[in-house]
1. How about segment A:316-343: which of its residues are buried (at least 18 other Cβ atoms within 10 Å of the Cβ) and free of Cβ contacts under 8 Å to residues at least 24 places away in the same chain?
2. In the list B:Ala51, B:Ala46, which residue meets the criterion of being outside any helix (DSSP H, G or I) and either basic (Lys, Arg) or under 30 Å from the mean Cα position of the chain (by Cα) (or both)?
3. What tally of residues in segment A:245-261 results from selecting those that are assigned to a helix (DSSP H, G or I) and away from chain B (no Cβ under 14 Å)?
4. Considering every residue within segment A:408-420, establish whether at least one is farther than 30 Å from A:Gly177 by Cα and under 22 Å from the mean Cα position of the chain (by Cα).
5. So in segment A:1-17, with the set limited to residues that are more than 7 Å from chain B (Cβ to nearest Cβ) and within 27 Å of the chain's Cα centre (by Cα), which one is nearest to A:Lys349 (Cα to Cα)?
6. Tell me which residues, restricted to segment A:141-198, are at the interface with chain B (Cβ under 9 Å from one of its Cβ atoms), without any contact (Cβ under 8 Å) to a residue 12 or more places away in the chain and not in a helix (DSSP H, G or I).
7. Given the residues A:Ala138, A:Ala102, A:Ala111, which is the only one that is more than 8 Å from chain B (Cβ to nearest Cβ) and part of a strand (DSSP E or B)?
8. State whether one or more residues within segment B:270-277 are aliphatic (A, V, I, L, M), more than 31 Å from the chain's Cα centre (by Cα), closer than 18 Å to B:Leu148 by Cα and not in a helix (DSSP H, G or I).
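The values are calculated or read from the model by the stated rules, or taken from the named source; none is laboratory data. Just so you know, these numbers come straight off a predicted model, no measurement behind them. Ideal geometry is used to build each Cβ from the backbone, glycine not excepted, and the neighbour counts take in all protein chains shown.
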Protein chains: 2
Amino acid sequence: MTSALLTDLYQLNMMQAYLDHGETHTAVFELFFRTLPPRRGFLMAAGLEQALDFLMELRFSPAELDWLARSGRFSKSFVDYLAAFRFTGDVDAMPEGTIFFADEPILRVTAPLSQAQFFETRLINILHFQTTIASKAARLVLAAPDRLMVDFGLRRAHGAEAGLWAARASYVAGFTGSATVLAERVYGIPAFGTMAHSFVQAHDDETKAFENFARSRPKNLTLLIDTYDTETVARNVVKLAPRLRASGITIDAVRIDSGDLAAQAKRVRQILDEAGLTRTAIFASGGLDEDKIQSMLAAGAPIVGFGVGTSLTTSSDVPALDCAYKLQEYAGVARRKRSADKATWPGRKQVWRCFDRNGRMQDDVLSLTDDDAPGMPLLGSIMRGGQPHARPNLDNIRANAAGNLAALPESLRRLDIGATYPVQIGDALVGLTAEVDRRTAQSLG
Amino acid sequence: MTSALLTDLYQLNMMQAYLDHGETHTAVFELFFRTLPPRRGFLMAAGLEQALDFLMELRFSPAELDWLARSGRFSKSFVDYLAAFRFTGDVDAMPEGTIFFADEPILRVTAPLSQAQFFETRLINILHFQTTIASKAARLVLAAPDRLMVDFGLRRAHGAEAGLWAARASYVAGFTGSATVLAERVYGIPAFGTMAHSFVQAHDDETKAFENFARSRPKNLTLLIDTYDTETVARNVVKLAPRLRASGITIDAVRIDSGDLAAQAKRVRQILDEAGLTRTAIFASGGLDEDKIQSMLAAGAPIVGFGVGTSLTTSSDVPALDCAYKLQEYAGVARRKRSADKATWPGRKQVWRCFDRNGRMQDDVLSLTDDDAPGMPLLGSIMRGGQPHARPNLDNIRANAAGNLAALPESLRRLDIGATYPVQIGDALVGLTAEVDRRTAQSLG
């Protein structure tokens, strides 16, 4: 799946044309998000680890080269060039878990033009998706402070990679774990799993189903109680509990997956408490998103954890963001696209962040790397000459995300955003932009 | 990426519990979509080919088995069972490209309980995604009859598999091709590619950029004319044309990617026509969806083809559908889930479709396989005992989709759906449902 051919045909067309005409100077591309949708007051960067793996590992295989040659689209010299193709450039980026805003680059690639051009499609594909999911997950985490949050969304994620990476991106943003077994194996993300309705349905007697499951899977025992009638079943669970306790088995939790979750949780809590099962927790799932979770908790629903599926792994309210990877400098000259509504800021840029005395984010400055703005620079050196520096592990990344979320201003912590975070444009960047426009106007005549 | 561990932990928990208690009888699961969203009057089945590959190829590798054993979660006998795990069951399904509606099963798996249970997560992951994309693509195809429709959305698709499969699903539904090179290599889907803004920006002179590109890539030459100012550039293209023509190079098309596409297309068409470039086509892209395309064509925009990205490959207005895979029968007894708002129809079901005298779809009947409804049955035998029958190729699948779209009633061809397609519930199914409910009520006491 990580074939070098997972790219847009125009990248190969342009590369051949660049090489044919000797356009092999150093290019600078930056990846950024043009605008934030109304329900995203901030975004959280994620996917850099996979982006770096991609840059380092990309090779055209002999079979792919043969296929390209046989397609008749490309010259032999170009296919030979692809056979030796390796990323030899530099990467600067924001660490994963960093909060950022519109127009702020999260990644810069500096490399010979045809290299930097080639990587566009898959770099966006990797970074856009994980950033979209981490940004959604951060909202869910903010909506449910101190609750157990579990990714339940592999089945509705868009394919295998999306499912696996959604587990990773949500864990970066502060989720507790994921139902996806592979995410534990690959990334060490704690796997959570209860039972499905089919388990109950496969038994003629629901209590018998619970008992069978409990005796086979006594650890972290969670019973799913909404297959037929939640409250009736909760009373049956209460009757089952002493029999299991006699065998040393505790019912750690019950899960409700349908209906009015807040109301049912309250009634089930009462049934459990009256029977002394005060330590049996209630876990909820089923079509949840940050708004539903926040309003359930505001209504005092006694729920200790949530399984979030589709809304998380497809970021269903905002399944895509306006992400771009644009040429900002070539052969030492700053460049800029001016298409209607899609104009970009030219040059190599840095973002500086200022904090108030309480450590909360105050404002950012977007300017050129050689500007001298106050605040903390957010992009750092990640690769030089195709070689990466030491990379943070997932625990470090999660800690960075938690620190970033803790520093969010109050207005951005709300699900309905109160204010736009201030991003100033530095004088040096304003000056360069005017200069680029003057030059373009001259060349167009 | 197609690791056997790409599943929910609860599947493995349930399998171990089933096996511990000898629950190994034949189970029947069906995959269906509970409801259609307001802007989807029909859905189009896709992904069966990949689902069958998955069923046939799934194995637990020695490294995965070792990891599972070391996790301490499972018994040795269960890990041994997984080592020999193969799909040995039956599959019935609708052919890809078939149009279907809420509650109609598109796939039925009949297999020993723990097998049929295990495959749930990834079967939904595969079939839900491609069906979501084919259903979106079908709307785009209906909005732009006889136009060239190209998938431009790899970069914003949710990961690698989503990008590749979106190319396939949209081609199934009638797209002309895709920008994704790998989709041509893997599926034979025609690849399309023009140039990006970065190509223009990398040159100090835009006309020089076009000339360089044209001389390197003269076949199907398409120039991107909106990097700076579309109309100015169209006039420069007109001046460049004779110089290229002298070298035997024709400008086949220009692409506009921003601004008011319909208005710009009209002005550019006029500029090209006045210069005699009447055969240079206009291709449009940039944030397109079926509504924008339909209104541009209604306004008479002289556009021959569209590149559709994000709205297609993320199905951005409906990024997920309410898809489920539920136990309908176990050990010869029909089963049903009755959770609030999530009740299912029990038993092994078939869908019969009736057509009017013009060959247009008239209504469907959903009933049990052994019912005897009039019309054409939509589900057929696909695999028996783990062995697939002959499988259709992509051309057959595309033809089936085209035939299905041609048979759509007028009310469902509109982007804003005029009417709900009638799906009747057969008497046999109504009767079985009542019987299952009586039995469940007894068992709950």
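1. Passing the criteria: A:Lys337, A:Ser339.
2. Result of the check over B:Ala51, B:Ala46: B:Ala46.
3. Qualifying residue count, segment A:245-261: 2.
4. yes
5. This residue is A:Gln11.
6. Passing the criteria: only A:Gly159.
7. Just a single option satisfies the conditions, and that option is A:Ala111.
8. No, there is no match, as no residue in segment B:270-277 is aliphatic (A, V, I, L, M), more than 31 Å from the chain's Cα centre (by Cα), closer than 18 Å to B:Leu148 by Cα and not in a helix (DSSP H, G or I).
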